[in-house]
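Down below is the structure, laid out as structure tokens.
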């Protein structure tokens, strides 16, 4: 339960962090708040040769609302986003989901981008990014690019980030007010057994589910009610390929998807 | 850019419970182990070492944090508070500690150091919390002895007492 040895690099400029990633690639890992990575290091599930600390880079610690989007830099801690005065208006879904993201004692250190980089299938922030159709801003010494959430999450704790790329920021469409969030976990703040977000899209609803498949999965539903709605939700629940694990059975997860899905649909369509 | 090589010990300078403190740490050394083994402050307990149990909670620059999910080299220049800093004098308990004692809010005491540090930083920012807020905060800790009810009671009592102190109301004393 102690990390294997690594070099620790504290970058003073983004270019320095990119340089280390360009030279060392897969042997280097970026550490921000460390609330996911440190546990991986302690359990030796990750054994990087170099750790690059990006938390002393002021240019990454910004939250900006511009041109209809909220951009959250890689150094922004979850607690800082939760305390951002514009959050409820600009990013209501994040305001609903952040209190479920870890505990106060981990949100104080953990970053928004770090949780998205870690890509745990039951984490709330990847779910929010997917539900809102946000983007991940990647930067390497070679180039910059933006990847849509639906193309970023590739599998359980796997993303399409290249080894020399740094997640510089993530951005979310701003001002989506008609949304809802619900989660079931063994203990408030633990990883979700099922987490679900609903966002109003035109006449219908987009439901996004975390904790069931390997990545957060979104599906758009037309405005439905009664048995048509229940059938559509049942089909969605089965398509998620739920598995049994120590926390819950696949059957229980499907039932949560059906029930929470129905509640959130009603809430958002009201 | 600073590069701290693996396998070597590097100087870490920080402020511990209000006093300047220095030690040496390999890059991979956890803050929890640094405090206990290098600095000799064993009040911070180590339970799960992956951020779940909360026993190792300290405050870093005023905010609660898991010492087991923090590297010693990361806190260079930071202000750390541990449970050793809560008592005003070696023979006196702090307000929160005394409320824990009165309410039997601990039995084995393993989780107490972390819980006290979470509550201490929380009550500084939220001087009049309701029970739901305390329970939400305690969600970040595991206690296997008390069933939490006495801890909640102690926290609410301490909050009241701290509020009275802040008002300068000494009639209770």
- Message: Out of everything in the stretch B:58-73 that is farther than 15 Å from residue B:123 by Cα and in contact (Cβ under 8 Å) with a residue 60 or more places away in the chain, what residue ends up being surrounded by the fewest Cβ atoms within 10 Å (Cβ to Cβ)?
- Response: B:73
- Note on residue A:35: of the conditions (1) modelled with pLDDT under 95; (2) part of a loop (DSSP other than H, G, I, E, B), unmet is (1)
- Return yes or no: is residue A:134 under 11 Å from the mean Cα position of the chain (by Cα) and at pLDDT 95 or above? yes
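Rundown of residues vs (1) surrounded by 14 or more Cβ atoms within 10 Å (Cβ to Cβ); (2) touching a helix residue (DSSP H, G or I) at 6+ places or on another chain (Cβ under 8 Å), yes/no style:
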position: A:41; (1), (2): yes, no
position: A:44; (1), (2): no, no
position: A:55; (1), (2): yes, yes
position: A:81; (1), (2): yes, yes
position: A:99; (1), (2): yes, yes
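Among the helices (runs of 4 or more DSSP H) confined wholly to the stretch B:38-146, which include 2 or more residues that are touching a strand residue (DSSP E or B) at 6+ places or on another chain (Cβ under 8 Å) and not assigned by TED's automatic domain parsing to the domain that holds residue B:16? Steps first, please.
Values: elements: B:95-102, B:112-125, B:131-138.
It comes to B:112-125.
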- Query: How many residues, within the stretch A:82-108, are within 26 Å of residue A:52 (Cβ to Cβ), touching a strand residue (DSSP E or B) at 6+ places or on another chain (Cβ under 6 Å) and either assigned to a helix (DSSP H, G or I) or at pLDDT below 95 (or both)?
  - Reply: 1
- Message: Can you tell me which condition residue B:101 does not meet? The list is (1) more than 16 Å from the chain's Cα centre (by Cα); (2) surrounded by 22 or more Cβ atoms within 10 Å (Cβ to Cβ); (3) within 28 Å of residue A:189 (Cβ to Cβ), and all the others hold.
- Response: (2)
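Take residue A:219 and tell me if it is in contact (Cβ under 8 Å) with a residue 40 or more places away in the chain, surrounded by fewer than 17 Cβ atoms within 10 Å (Cβ to Cβ) and not assigned by TED's automatic domain parsing to the domain that holds residue A:135.
Details: in contact (Cβ under 8 Å) with a residue 40 or more places away in the chain: no; surrounded by fewer than 17 Cβ atoms within 10 Å (Cβ to Cβ): yes; not assigned by TED's automatic domain parsing to the domain that holds residue A:135: yes.
When the stated conditions are applied, residue A:219 does not pass them.
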- Task: Return only the number of the condition from (1) in contact with a helix residue (DSSP H, G or I) (Cβ under 9 Å, 6 or more places away or on another chain); (2) free of Cβ contacts under 8 Å to residues at least 40 places away in the same chain; (3) assigned by TED's automatic domain parsing to the domain that holds residue A:65 that residue A:151 does not satisfy.
- Result: (1)
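Test residue B:69 against the criterion of being modelled with pLDDT of 95 or more, under 20 Å from residue B:155 (Cβ atoms) and in contact with a helix residue (DSSP H, G or I) (Cβ under 8 Å, 6 or more places away or on another chain), and give yes or no.
On the way: modelled with pLDDT of 95 or more: yes; under 20 Å from residue B:155 (Cβ atoms): no; in contact with a helix residue (DSSP H, G or I) (Cβ under 8 Å, 6 or more places away or on another chain): yes.
Answer is no for this residue.
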- Only one of (1) under 18 Å from residue B:83 (Cβ atoms); (2) buried (at least 22 other Cβ atoms within 10 Å of the Cβ); (3) in contact with a strand residue (DSSP E or B) (Cβ under 6 Å, 6 or more places away or on another chain) fails for residue B:12. Which number is that? (1)
- Message: Would you confirm whether or not the stretch B:151-167 contains a residue that is within 14 Å of chain A (Cβ to nearest Cβ), loosely packed, with under 15 Cβ neighbours inside 10 Å and free of Cβ contacts under 8 Å to residues at least 60 places away in the same chain?
- Response: no
- Task: Go through the stretch A:83-94 and give me each residue that's surrounded by 17 or more Cβ atoms within 10 Å (Cβ to Cβ) and within 14 Å of chain B (Cβ to nearest Cβ).
- Result: none
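So which residues in the stretch A:224-270 are outside any helix (DSSP H, G or I) and more than 23 Å from residue A:179 (Cα to Cα), if there are any at all?
So the first thing to find is which residues in the stretch A:224-270 are outside any helix (DSSP H, G or I), and the list is A:224-225, A:240-249, A:270.
Result: A:241, A:242, A:243, A:244, A:245, A:246, A:247, A:248, A:249.
The values are calculated or read from the model by the stated rules, or taken from the named source; none is laboratory data. Since the structure is predicted, the reported quantities are computational estimates derived from the model, not experimental observations. Cβ: placed from backbone, ideal geometry, glycine included. Neighbour counts: every protein chain shown.
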